[in-house]
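Visitor: Below is one structure. I have some questions about it.
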Number of protein chains: 2
Amino acid sequence: MRKELLRNRLLKIAREAEKASFILASLSPEKKNAVLEAMVEALVGNKDEILKANKKDLACAQKKGLSAVFVERLTLNEKRIREMADSLKEIAKLNDPVGEVIKSWSRPNGLLISKVRVPIGVILIIYESRPNVTSDCIGLCFKSGNSVILRGGSDAIHSNRAIYRLLENVVDSAGLPKAVLHLVQMIDRKAVDVLLSLDEVIDLVMPRGGESLIKEVHDKSKIPVIKHYKGVCHAYIDDSADLPMAQRIILNAKVQRPAVCNAIETLLVSEKIARNFLPTMIESLEDAKVEIRGCAKTKGIVKNIKRATQVDWGTEYLDLILSVKVVSDVNEAIAHINHFGSNHSDMIVTQDQANAEKFLREVDSACVYVNASTRFTDGYQFGFGAEIGISTDKLHARGPMGLEELTTYKYVIRGSGQIRE
Amino acid sequence: MRKELLRNRLLKIAREAEKASFILASLSPEKKNAVLEAMVEALVGNKDEILKANKKDLACAQKKGLSAVFVERLTLNEKRIREMADSLKEIAKLNDPVGEVIKSWSRPNGLLISKVRVPIGVILIIYESRPNVTSDCIGLCFKSGNSVILRGGSDAIHSNRAIYRLLENVVDSAGLPKAVLHLVQMIDRKAVDVLLSLDEVIDLVMPRGGESLIKEVHDKSKIPVIKHYKGVCHAYIDDSADLPMAQRIILNAKVQRPAVCNAIETLLVSEKIARNFLPTMIESLEDAKVEIRGCAKTKGIVKNIKRATQVDWGTEYLDLILSVKVVSDVNEAIAHINHFGSNHSDMIVTQDQANAEKFLREVDSACVYVNASTRFTDGYQFGFGAEIGISTDKLHARGPMGLEELTTYKYVIRGSGQIRE
């Protein structure tokens, strides 16, 4: 398709989404929740249709010879559809953030100023071939009052289309404009480039997927991006740490689910306790099949481990591998984390209040922990009830993003004829 | 300079700013305020030096034949230096937002989660030839704990350099890293392009100036931008408005200072009152030298006025010109504003509670007013005590931006050995 034509078509879609967002912004929580409940029914009641569409995607994936991990993510079954539906049910139960008065105050001239939470407007989500993301994002954007434009991976197109059509029907039956949700089904890869140029209509883009997708979106986008690059998370074990506690936390943060962003990738240990702590710590990690890559000092204490290279300190393994470094003190630990980390989640294990506070204050990450596993960086674990992603950016939203992070604010000013002198 | 070399030099500057920002982030309010007070002394005590530098800029501007408006903005005198110093004094008096616990809660597993306000990090400000912006931005960024990199207009280079050196000395004398503030003095225009590519170190860029500067920064930047495009502000006079009040507010919002962004550019009037309201309203505007550009219906009521074209509805005149349109009701007014407005400030004058609430809810602007002049959209008028700009964006900050808007947050999680099951 010619770029001009493509642009016109996508701009029209985005403008309709924008118009629809004004209607959505004024909807009552009751109405929105009723629609979400109807979406639950639509998914559960039409699971066969979704599974049939998913089979088509799976057949294509097989023909293309896509990897087992890829196919696993693409696969839907009754349980997964039930989970998608449950997730919408949970979203319906959450507090509606829209309309909340964040603060309000009056001025000496009598003006009453309120800072009120409102939807962002139109959100674009670009994601890979995980069909459950389609319904999750629709649910979260709908509840927070935002129109959503979805661009999913082409290998999930049949599954996404089936889910989208069912949910679009629900919206339509509820008497709402269908444009509050839109799945971009054009195969043309240039569609993404065009979408990312529509900054006059689309307010926010969230890429969800691997590092290369996120980089591509960030490089091309004229629209503000909130992204999650990677999680190179650290644990620092201070001199004064309760060592059995440290061992439990490290094992949990590395081993419980190594493939996720909030698992640790680097262990930093104070040299005052390294000789005492590292042998048993490394032994228990190796028992759990973790490969250790140590600095020179670590290798001086525990032989028979790999030597870490400079590259290791910045690597998100997402696997049973841990780099280990002996540092002189909390200051060196903080400097290492701020240099090599990814501003995601980092922890200190210590009984020293001053070192704990120093670490919490000076480590420049979205989530900083004392004496707890970084694995808690998660919208559900934080009590948000839902999560659309974890931001490693600093603007607008940082860390786990729930419904509130899908809103912005406006100032509402009520007067009685005030003019400026 | 070769781009590679330029990049290396600017990256070094940015990295030093980043390192310095970690120190600045932990500074006490008392220490920061003492430095701000010393900056006040430095400006007032060395005003002759600043004025001498400013004379050089003015001589160059004269030689170049720059416009009177431009020269006026560039000009410093004793009064303006006093104002710059006063502004720093005011900033010293403001509450320090850093460290504020925005909220905190505990989880069933005993984790205590706090959302804590922290500086953003490194802020880049690109601005035109107004030397007072140099000290204002240094003061606001310093107080909010951010390192600042300044790139001012080349025509103010001598003035900016003089101000910067004085304030840099103050920081140095206080034992702080000089890199908390940096003025980029390279003449090479490519420096801006390179700065805007340093998204791994610089956290935020704020362009301050005309539309073309802002567009250029937005188009080139890989760093998140918070910007203020323009203020196409509206007044809508509803059927039920108190008409003398409406007239007072309109006059104020258009005439009191027409060249600023929060002055109105379009007046929308309900057709039910247009015949009654418009003749006296337009007469008083014309008495105040305002040129009226009306829609067909307006011209049907008041002859001898210009006809507004389609272009007028989206134009920020910044001058004594007002476009006037008769609309059928509040719905048409809202649709017009959301279509032609710039998401800045818009008002309704009405005695009808339902229409007021509808307008406040549905107009998608940073500041929405009922029965008060849009001229109040201003950090000082809002009671923020300072203003670094007014955002017409929706993410991170919307409307007037004070110290709080120059911060972000982190999650601080305190545990006692919690691990994830």
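Visitor: So, of the residues in region A:345-357 that are crowded, with 24+ Cβ neighbours inside 10 Å and at the interface with chain B (Cβ under 10 Å from one of its Cβ atoms), which turns out to be nearest to the chain's Cα centre (by Cα)?
Guide: Ranking the candidates gives A:Ser345 first.
Visitor: I've got another one for you. Checking the condition crowded, with 18+ Cβ neighbours inside 10 Å and more than 27 Å from the chain's Cα centre (by Cα), which residue from B:Arg7, B:Arg2 passes?
Guide: B:Arg7
Visitor: Follow-up. Please work out if A:Ile23 is in the same structural domain as A:Leu94 (by TED's automatic domain parsing), assigned to a helix (DSSP H, G or I), within 22 Å of A:Asp96 (Cα to Cα) and among the hydrophobic types (A, V, I, L, M, F, W, C).
Guide: It is true that A:Ile23 is in the same structural domain as A:Leu94 (by TED's automatic domain parsing), assigned to a helix (DSSP H, G or I), within 22 Å of A:Asp96 (Cα to Cα) and among the hydrophobic types (A, V, I, L, M, F, W, C).
Visitor: Residue under question is A:Val330, and the condition is that it be crowded, with 18+ Cβ neighbours inside 10 Å and touching a residue at least 60 places away in the same chain (Cβ under 8 Å); does it hold?
Guide: Criteria met by A:Val330.
Visitor: From the set of residues in region B:209-222 that are within 10 Å of chain A (Cβ to nearest Cβ) and within 20 Å of B:Cys137 (Cβ to Cβ), which is surrounded by the fewest Cβ atoms within 10 Å (Cβ to Cβ)?
Guide: B:His218
Visitor: For region B:243-327, which fully contained helices (runs of 4 or more DSSP H) count at least 1 residues that are more than 14 Å from chain A (Cβ to nearest Cβ), without any contact (Cβ under 8 Å) to a residue 60 or more places away in the chain and crowded, with 20+ Cβ neighbours inside 10 Å?
Guide: B:271-287, B:296-301
Visitor: Yes or no: region A:107-117 includes at least one residue that is at positive phi, in a loop (DSSP other than H, G, I, E, B) and not polar (S, T, N, Q).
Guide: Scanning region A:107-117, I find at least one residue that is at positive phi, in a loop (DSSP other than H, G, I, E, B) and not polar (S, T, N, Q), so the answer is yes.
Visitor: So which residues in region B:39-57 are buried (at least 20 other Cβ atoms within 10 Å of the Cβ) and of a type in the set (A, V, I, L, M)?
Guide: B:Met39, B:Val40, B:Ala42, B:Leu43, B:Ile50, B:Ala53
Visitor: Taking the conditions exactly as written (hydrophobic (A, V, I, L, M, F, W, C), farther than 27 Å from B:Leu195 by Cα and touching a helix residue (DSSP H, G or I) at 6+ places or on another chain (Cβ under 7 Å)), does B:Ala53 satisfy them or not?
Guide: no
Visitor: Examine region A:85-94 for a residue that is aliphatic (A, V, I, L, M) and within 14 Å of chain B (Cβ to nearest Cβ), and state whether such a residue exists.
Guide: no
Visitor: If you don't mind, there's one more thing I want to ask. Only residues in region A:139-151 that are at positive phi count as the first member; pair them with residues that are in a strand (DSSP E or B) and not aromatic (Phe, Trp, Tyr), Cβ under 6 angstrom, at least 6 apart or cross-chain, and list the lot.
Guide: Partner pairs satisfying both residue conditions: A:Gly145/A:Pro119.
Visitor: Can you tell me which condition B:Met206 does not meet? The list is (1) farther than 30 Å from B:Phe22 by Cα; (2) assigned to a strand (DSSP E or B); (3) aliphatic (A, V, I, L, M), and all the others hold.
Guide: (1)
The values are calculated or read from the model by the stated rules, or taken from the named source; none is laboratory data. Note that the structure is predicted; figures quoted are calculated from it, not measured. We place every Cβ from the backbone using ideal geometry, glycine too, and count neighbours over all the protein chains shown.
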